[in-house]
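For reference, the structure discussed in these notes is given below.
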Amino acid sequence: MDLRKFLLQQRGFADDNENKVYFTDRGLYQEPQDEEFWLFLDEGLRCGGTARKIPCDKEYIKAVLLGCGKIDLWQKVFSNIEKWKKENS
């Protein structure tokens, strides 16, 4: 299984501040994508969030989350990716 399949199988990641990130193979009105995917960031009741179509690359995910100031959320995603990599190596 590759990183893209792994992330698409997850039900999302959340930090202690009610920020959540989800990965999907389609946007709101689009057909599924084969190479890229969508990152949806939900910032809870703070009227924030983002939706970005990005390549399936750990560095792009990191850039989006850290660019929004979501350090703890990035750490959750990163630790899950590293755990998955270790289990599948």
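The values are calculated or read from the model by the stated rules, or taken from the named source; none is laboratory data. This is a predicted model, so every value here is computed, not measured. When we count neighbours, we look across all protein chains shown, and the Cβ atoms used for this are built from the backbone with ideal geometry, even at glycine. Ligands, DNA and RNA are stripped out before the accessible areas are found, and what is left, the full protein with its side chains, is counted by its heavy atoms. Shrake-Rupley method; radii C 1.70, N 1.55, O 1.52, S 1.80 Å.
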GLU82 accessible area, nearest 10 Å², 1.4 Å probe? 60
Between LEU45 and ASP72, with labels modelled 7 Å along Cα→Cβ, what's the label distance in nm to one decimal, could you check? 1.6
Probe 1.4 Å, all chains present, heavy atoms only: GLU59 accessible area in Å², nearest 10, is 100
Please report, as a whole percent, how much of the solvent-accessible surface of the chain comes from carbon and sulfur atoms (probe radius 1.4 Å). 46
With every protein chain left in place and a probe of 1.4 Å, what is the accessible surface of ARG52, to the nearest 10 Å²? 110
Would you mind estimating how fast segment 3-79 diffuses translationally, via Stokes-Einstein at 20 °C and 1.002 mPa s with the Kirkwood radius over Cα pairs, in µm²/s? 171
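How many Å² of accessible area per residue for segment 3-79, probe 1.4 Å?
Values: 4840 Å² over 77 residues.
Value for segment 3-79: 63 Å² per residue.
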